[in-house]
Amino acid sequence: MSKEISALELRNRFGEIMEEVRYRREPYIVKRNGRPMIVLLDIESFEKIQAELQEEPFIEEYTKERMEEFLKEDKVDPKTMKQARKLLLDE
């Protein structure tokens, strides 16, 4: 669970807050004029988030030719093939 702190309080307690974020792995939401502005996060959590963002699943653009290739490779019965072509290839 993240904690909240004002920018002014953070400035006055920066060393203490940095140690809490680093060793206790407690993120802080820093607010200015009551609005959230930034998040203080330990480096391991940050790197984990960065790695997860890098691992977004690749979504291939399916062209008509690629769909034909998939349908051939799957060796499905003719009825299912016809239904698939209708759904996937708008035939």
(request) Apply the Karplus parameterisation 6.51 cos²θ - 1.76 cosθ + 1.60, with θ equal to phi minus 60°, to every residue of the range 24-34 and state each ³J(HN,Hα) to the nearest whole Hz, in sequence, with x for glycine and proline. (result) 8, 6, 9, x, 10, 9, 9, 10, 10, 6, x
(request) Mind giving me the FRET efficiency for I49 and T80? R0 is 25 Å, r the Cβ-Cβ distance, nearest 0.05 is fine. (result) 0.05
(message) Classify the range 3-54 from the C-alpha gyration tensor, please: rounded if a/c falls under 1.5, else prolate or oblate depending on whether a/b exceeds b/c.
(response) oblate
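Laboratory data are not the source of any read-out in this text; all were calculated from the coordinates shown. This structure is a prediction, so every number in the text was calculated from the model and none was measured. Positions of Cβ are backbone-derived with ideal geometry, glycine not excepted, and every protein chain shown enters the neighbour counts.
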